[in-house]
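The values are calculated or read from the model by the stated rules, or taken from the named source; none is laboratory data. Note that the coordinates shown come from a computational prediction; the quantities given were computed from them, not determined experimentally. Reconstructed Cβ throughout: ideal geometry from the backbone, glycine too, with neighbour counts over all protein chains shown.
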Amino acid sequence: MVSASMPSLWIDTDMGFDDLAAVLTVAAQAHWHIAGMSLVAGNAPLPVVTDNALRAAHCFGWTFPIHAGCAQPLACPLVTAQNILGDDAMRSAGRQLPSDRTALASDDAVTALAQHLRQSAQAVTVLALGPLTNLATLLARHAELAPRIGQLLWMGGSAGPGNHSAAAEFNAAVDPESVQQVLDHHVPFSMVGLDACRQVRVHAADAQALRAAGGARAEMLADLLLGYVQIASADGHLPMALYDPTAAAALVTPEAMVFRPAHMVMELRGEHTRGMTVLEWRVPRRAAPNVLVASSADEARLRATVLQALARAAAAP
Ligand code: BDR
Ligand code: CA
């Protein structure tokens with residue numbers, strides 16, 4: 001049941017498994033309502049991302065509209081994570097999402113989000129789990145809608161080393177111009193970067209615990225979670241950082257994450273550093289703050305939020 005006091009949430013995603021786990025984390029919260037979803041190329045090309053999202057929607061009974069968005073970054077060719085996540089960006093130790101799909105609401109996510117921002121009774125929270133191409137395109141076309149975004153919470157960037165390169169996190173590296181353009185519109189911008197996400201880890205034993213619930217959906221989610229853990233080590237003995245789910249869990253349990261103000265610019269030219277999120281912490285002395293950066297995570301709390309949501313999704317009829 002949706003009430004007028006519920007936060008209005010829009011999710012922007014390049015649907016791989018950790019994006020799926022992030023959506024399930026929010027969907028499990030009775031006091032959050034997902035109003036819509038936009039898809040963006042990132043983990044995989046847009047048709048693959050779209051297929052994943054529509055299969056997940058059918059499997060988990062999502063009723064919010066799903067719109068396909070930008071297929072290419074603003075100013076550079078698309079680089080995907082399929083070398084790590086597999087062609088379908090849903091690396092699994094066994095079972096996959098069933099092939100049944102819901103229908104796509106539209107292939108114009110930017111217009112759909114613009115309409116939602118205009119029509120929503122309250123400012124909209126946007127949870128962005130991929131490259132920011134859709135958001136930058138929206139703001140370029142409809143700058144007047146920037147004040148309608150109450151909060152943009154982005155999983156991306158890093159206050160330390162990268163993962164795509166030594167300096168750059170994947171979502172930032174895929175479309176660095178889009179991040180800078182969103183910053184230029186002064187939306188309330190919170191960033192959950194790699195260094196925060198690496199404080200929240202998932203283990204092979206968590207997949208086994210999920211499997212113990214029994215049933216086809218529990219087996220499938222356990223296989224997908226184990227496939228995700230195996231990104232860190234093929235035999236699963238190392239924990240894997242929870243990326244997008246940490247951002248989702250921080251959104252729904254904000255007391256479990258400490259955010260610090262900073263001034264951020266994107267490195268757009270560096271030969272070895274393109275896509276780096278450059279943070280000036282000496283605010284407001286050196287620069288006005290334009291971002292809140294997740295710095296310290298309550299791992300137990302955030303892990304529990306994510307794993308309980310997955311268990312709930314596994315057990316649903
Ligand atoms: C981010 O990159 C993607 O592969 C994940 O889905 C996550 O959004 C982590 O760097
Ligand atoms: Ca993602």
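Numbers below:
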item	result
Selection within region 18-54 - of a type in the set (Gly, Ala, Ser) and over 18 Å from ILE84 (Cα atoms)	ALA22, ALA27, ALA28, ALA30, ALA35, GLY36, SER38, ALA53
Test result for HIS186, more than 12 Å from ligand 1 (Cβ to nearest atom), over 14 Å from the mean Cα position of the chain (by Cα), surrounded by fewer than 20 Cβ atoms within 10 Å (Cβ to Cβ) and in a loop (DSSP other than H, G, I, E, B)	yes
Selection within region 156-169 - farther than 14 Å from HIS272 by Cα and within 12 Å of ligand 1 (Cβ to nearest atom)	GLY156, GLY157, SER158
Every pair of residues 6+ apart whose Cβ atoms lie under 6 Å, when the first sits in region 258-285 and is under 18 Å from CYS197 (Cα atoms) while the second is among the charged types (D, E, K, R)	MET276/GLU267; VAL278/GLU267
Cross-chain or 6+ apart pairs with Cβ under 6 Å, region 157-184 first and under 15 Å from VAL293 (Cβ atoms) and touching a residue at least 12 places away in the same chain (Cβ under 8 Å), then hydrophobic (A, V, I, L, M, F, W, C) and within 9 Å of ligand 1 (Cβ to nearest atom)	GLY157/ALA172; SER158/LEU194; GLU169/LEU194; VAL179/ALA172
In region 14-33, residue surrounded by the fewest Cβ atoms within 10 Å (Cβ to Cβ) [restricted to those that are in contact (Cβ under 8 Å) with a residue 24 or more places away in the chain and more than 14 Å from the chain's Cα centre (by Cα)]	HIS31
Criterion violated by VAL2 - all others in (1) modelled with pLDDT of 95 or more; (2) on the phi < 0 side of the Ramachandran plot; (3) more than 16 Å from ligand 1 (Cβ to nearest atom) satisfied	(1)
Qualifying positions in region 218-257 - within 13 Å of ligand 1 (Cβ to nearest atom) and polar (S, T, N, Q)	THR246
